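Inspection log for the structure reproduced underneath, given as structure tokens.
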């Protein structure tokens, strides 16, 4: 028989001014074992009033071992779509407990992160968690030669951390998608999408930001990334192009991970990306009015400008080109419009070229995980 654990879910709200980019709330203790899972509500209930907080129930034997719910929004939390949880016991290498999540008057659609099958019971669900962390993120990465496009699928019903309260950053989400896909077209123009062995080490990451606060990933404030990476995540040049509420680029919080250096780059400052062989690969410069940035390969004959479209970056981003190092007039190459339907798991992007051609990026994915379908 299972006994009710008296622990109540604690939801920690964090100050919106404390972090510029991905950080963790705290590290996992080396002296404990942790498991996580996510319980998804039926979509038909998402418009209902917020459900009561679920309870996590352990057997008497597991309570004696010390299994408990880990509080804090980085580990356990509830919203209108799901309940994500992390459980912990004070010993290393333990097998996961069998737990019950008691959630009265809630229709449970699925459990993500369960080891094996789960069982729907009266007022809840019974399962064994099988993941070391609650699999709360919804992320898809696609490779194009030496370029990796990483899309965080943001949905307001899953907002957490600094994004839980106040205005949801819809405009910034749309702008970062357009900028990322416009940067992909620059990479295409330089030939980096056609080979996995470019003339630099190792690859380029074009990533967005997430509003989920996944496992303590406080991805705030809104921004997009242009990164030059190698050796996994041990070394990289990481650009965080911070956006204001209109989708304008405010500055680049530029990190050199392997040197543990952060270099704030304001409009007009050059952010130079250099690989592990000390080869200078490309530069970016934010425009003085925040409406875009230049993106130029070192030594190339052409340079490119990513600029907000006529109705602003949340609607579209233009890619323009000219001869490198000149004051020639910028000429439009294409205009990019991207859309991510995070509720239904559908991503669509089109780059409309002035010659009439179109470059498309389209995929479907699991809305709760980001796994491609």
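General observations
- Candidates in region 323-336 are the residues that are surrounded by fewer than 18 Cβ atoms within 10 Å (Cβ to Cβ) and modelled with pLDDT of 95 or more; of these, the one that is nearest to residue 172 (Cα to Cα) is 332.
- Unmet requirement for residue 123, which otherwise passes all of (1) on the phi > 0 side of the Ramachandran plot; (2) modelled with pLDDT of 95 or more; (3) assigned by TED's automatic domain parsing to the domain that holds residue 85: (2)
- Here region 115-141 is the region considered, the condition is being in a strand (DSSP E or B) and under 23 Å from the mean Cα position of the chain (by Cα), and the residue that is nearest to residue 34 (Cα to Cα) is 131.
- Within region 139-166, the only residue that satisfies the criterion of being within 22 Å of residue 80 (Cα to Cα), at pLDDT 95 or above and surrounded by fewer than 18 Cβ atoms within 10 Å (Cβ to Cβ) is 139.
- Residue in region 56-72 that is under 22 Å from residue 119 (Cβ atoms), surrounded by 13 or more Cβ atoms within 10 Å (Cβ to Cβ) and at pLDDT below 70 present: no
- Test result for residue 100, more than 30 Å from residue 361 (Cβ to Cβ) and in a strand (DSSP E or B): yes
- Out of 370, 345, 292, 312, one residue alone is closer than 24 Å to residue 192 by Cα and either under 24 Å from the mean Cα position of the chain (by Cα) or without any contact (Cβ under 8 Å) to a residue 40 or more places away in the chain (or both). It is 292.
- The one condition in (1) under 30 Å from residue 171 (Cα atoms); (2) touching a strand residue (DSSP E or B) at 6+ places or on another chain (Cβ under 7 Å) that residue 121 fails to fulfil: (1)
- Residue check for residue 184: under 12 Å from the mean Cα position of the chain (by Cα), at pLDDT 95 or above, closer than 20 Å to residue 360 by Cα and crowded, with 21+ Cβ neighbours inside 10 Å: no
The values are calculated or read from the model by the stated rules, or taken from the named source; none is laboratory data. In this text the structure is predicted, and so the values were computed from the model without any measurement. Note: ideal-geometry Cβ built from the backbone for every residue, glycine included; neighbour counts use all protein chains shown.
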